[in-house]
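Data block below; observations after.
The values are calculated or read from the model by the stated rules, or taken from the named source; none is laboratory data. Just so it is clear, the model here is predicted, and its values are computed rather than measured. When we count neighbours, we look across all protein chains shown, and the Cβ atoms used for this are built from the backbone with ideal geometry, even at glycine.
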Amino acid sequence: MASVLRIFEQHGLVSLFLGVLVEQLGAPIPALPFLLLAGARAATDGVFGLQALGAATAASAVADAVWFFVGRRYGRSVLELLCRLSISPHTCIQRSELSFARRGITTLLFAKFIPGVSTLAPPLAGALRMDFGTFLLADLAGTALWAGGGMAAGWVFYGEVNRLTTALENLGTTALVLLVGSLGLYVLWRGVRRLHIQRKHRATPSLSPQDVAKMIDRGEPLVIVDVRSFELPFLARIPGAVRAPLNEDLPARLATIAEGVRVITYCDCPDDASAAKLARKLAQPNRPAYVLAGGLSAWAAAGLPVEAQ
């Protein structure tokens with residue numbers, strides 16, 4: 001541990017740049033300790049503080065630019081990939097998309113302070129075809145606020161930061177073992193929690209797009225519910241689907257569905273998580289509820305009809 005701290009003392013700007021870059025690229029390595037150390041050092045070296053702020057901002061901008069163009073190239077698929085690593089995939093994409101729908105560029109100014117949105121904001125901006133120049137300016141401003149906030153905390157509490165680093169140096173390799181162990185437990189907890197949520201979603205009854213299409217052709221009584229948000233500009237939906245997103249009250253017509261009518265929910269998110277959550281909410285002993293397996297993407301891929309919204 002002492003060697004790590006000495007590396008920061010000798011190569012502070014490079015360490016800070018790499019620490020922020022690796023975190024913003026998606027590695028589970030927090031950049032906050034680097035920002036705190038930089039802020040504590042800036043309390044006695046103002047020039048270093050300005051250089052550190054520039055290094056942190058540049059590192060984050062590089063990573064965000066990479067994710068921006070990945071999002072522009074691969075669109076929603078990269079968002080789904082990132083959300084599959086999230087503990088709450090049913091809110092991961094939805095939260096970020098709603099933030100962009102409601103606040104636009106302002107989202108980029110504060111994205112790094114919002115868990116979940118921070119990871120998805122750059123690729124989402126690319127997927128939504130935001131102008132790169134506009135994105136870069138807003139992202140730089142937001143990154144400077146985030147990095148400056150972390151460094152400001154280190155500057156204000158530089159005495160405590162220095163005492164903590166001294167204590168860690170005295171502990172030597174024991175401190176490194178404790179930190180690695182804590183990180184391992186955190187990753188394990190995330191994994192267990194993620195598996196628990198996945199198991200719950202997969203336990204919800206589902207129907208394939210082909211099965212639902214056959215039910216429609218036979219004229220069976222059913223209600224198809226679109227779980228996606230009202231505020232997002234989706235181009236297509238399953239014909240006749242009712243909009244009832246998770247973040248809104250259910251329409252009155254869903255509360256008065258006749259007995260025996262099947263409810264089929266669908267979304268466009270990892271593991272059909274939003275649809276599964278609403279299906280569990282709507283299911284009654286006399287009103288079965290199912291998830292459309294694969295959501296709208298699977299429906300369209302099967303060559304089934306969609307209609308403009």
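Things to note:
- Subset tally (residues that are within 24 Å of the chain's Cα centre (by Cα) and outside any loop (DSSP other than H, G, I, E, B)) for region 27-51: 4
- From the list Gly104, Gly39, Gly116, the one residue that fits, being at pLDDT 85 or above and of a type outside the set (Phe, Trp, Tyr), is Gly39.
- Residue list for region 276-300, restricted to those being in contact (Cβ under 8 Å) with a residue 60 or more places away in the chain and assigned to a helix (DSSP H, G or I): Ala276, Lys277, Ala279, Arg280, Leu296, Ala298, Trp299, Ala300
- Selected residue (criterion: farthest from Gly71 (Cα to Cα)) from residues of region 131-159 that are without any contact (Cβ under 8 Å) to a residue 60 or more places away in the chain and crowded, with 16+ Cβ neighbours inside 10 Å: Gly142
- Of the residues making up region 243-259, those that are in a loop (DSSP other than H, G, I, E, B) and modelled with pLDDT of 75 or more number 0.
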